[in-house]
Amino acid sequence: MSQVTLYGDCVSGATILSNRFIDIYMGNANDAQIKIYLYLLRCIGGNMPVSVSIIADFFNYTEKDVLRALKYWEKQRLLKLTFSESKQLTEIQLLPIQSIASTTQTALQAVTVEPSTAERTDAKVFRLPEKPNYSAEKLLDFRNKPDIAQFLFVAEQYMKKTLNVNEVSSFLYMYDALGFDTDLLEYLVEYCANCKKKSIRYIESVANSWAASGIRYVEEAKEHVADVPPEIYDVFKAFGIRSNRTPLETELTYVRRWKSLGFSTELMIEACTRTVMATHDTSFAYADKILSNWSRENVQSLSDVERLDAEHAQNAAQTESTRENHSPKTQNTNRFRNFEQRTYDYSALEKEAFQ
């Protein structure tokens, strides 16, 4: 990408970080977001050239990672981004924190980001807002909003059923606690229905994941799902991974590879289940070995897996039988039987006996 114009208030030769950033924003941002914001402060203070590709190369991130972080800070109203008609980023304006600090604290209470482990530096583990037990009155008020009533009608068409109280309560949670507007809710249900996943539990798990990724608008969701195969959430469930965690790029790479090999979600889940049984761990690499072997054996269904299992058991039994037949017999070391075996011509002995 081309060079970006970066401007804002700064002190030349120094990188100054507001205490408000530390107190209000730092605890809710992941490592990549913090690094990129600090790098922008460094660049503007040192009058350094800036572009998405320069930032990506500096931190060894992808350009999409950088853009995602910049849009996160724009949503926090610490940056203002300007794009050209061709959707290329052209300007980044650093906004003063003091002007919006009073309104930010409340907004940030909805979702809290925790630090990730060293080997999962790009992952975000969120403490989601607790799902309330909504009263009948609250649910009725929710239903009676014109835009909500329209959305619920559309949701019933996609889900092919009349929504029950639990399902309406879940949508109210997404709307009220996660901050999804009706456009995003409608796209969420459409997306899950296209993935042939119409249960409210699945829809809510995807919503939690989107909230963890900072998604609040339909365009962001479309960009996100273009990069994330829906099967990742089934794989997470099979591995026992929390569905609201943002998938790592390495995990997405594995799932994309499995899809390219033509494996169904059912077979991916089976490979993950066998991985956990064999290793007691969530090893994408181990599951990949299983699926790679199945690909070589042209496995296309669970019945093919059962056939391979049966063939393997039969071959193992034959190998064991062959090994036993060819193993050396144990010699008897009894001293009374420790003599050389002789062969006799009994016909000749009989003739000699009667001469």
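The values are calculated or read from the model by the stated rules, or taken from the named source; none is laboratory data. Owing to the predicted nature of the structure, the values given are computational and were not obtained by experimental measurement. Positions of Cβ are backbone-derived with ideal geometry, glycine not excepted, and every protein chain shown enters the neighbour counts.
Data overview
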| read-out | value |
| --- | --- |
| Pairs where the first residue, in the stretch 185-213, is surrounded by fewer than 17 Cβ atoms within 10 Å (Cβ to Cβ) and the second is aromatic (Phe, Trp, Tyr), C-beta under 9 Å, 6+ apart | Glu190/Tyr158; Ala193/Tyr158; Asn194/Tyr158; Lys198/Tyr158 |
| Where Lys222 falls short, out of the listed (1) surrounded by 15 or more Cβ atoms within 10 Å (Cβ to Cβ); (2) closer than 27 Å to Gln33 by Cβ; (3) over 15 Å from the mean Cα position of the chain (by Cα) | (1) |
| Flag for Val299 being among the β-branched types (Val, Ile, Thr), at pLDDT 90 or above, surrounded by 14 or more Cβ atoms within 10 Å (Cβ to Cβ) and farther than 26 Å from Val206 by Cβ | yes |
| Residue within the stretch 275-282 that is of a type in the set (S, T, N, Q), surrounded by fewer than 16 Cβ atoms within 10 Å (Cβ to Cβ) and within 19 Å of Trp294 (Cα to Cα) present | yes |
| Where a residue in the stretch 15-35 is assigned by TED's automatic domain parsing to the domain that holds Val52 and its partner, wherever it lies, is acidic (Asp, Glu) and surrounded by 18 or more Cβ atoms within 10 Å (Cβ to Cβ), with Cβ under 8 Å and at least six apart | Ala32/Asp65 |
| Strands (runs of 3 or more DSSP E) contained in the stretch 86-162 and holding at least 3 residues modelled with pLDDT under 90 and surrounded by 13 or more Cβ atoms within 10 Å (Cβ to Cβ) | 89-94 |
| Conditions (1) within 16 Å of the chain's Cα centre (by Cα); (2) within 26 Å of Ala32 (Cβ to Cβ): number failed by Ala238 | (2) |
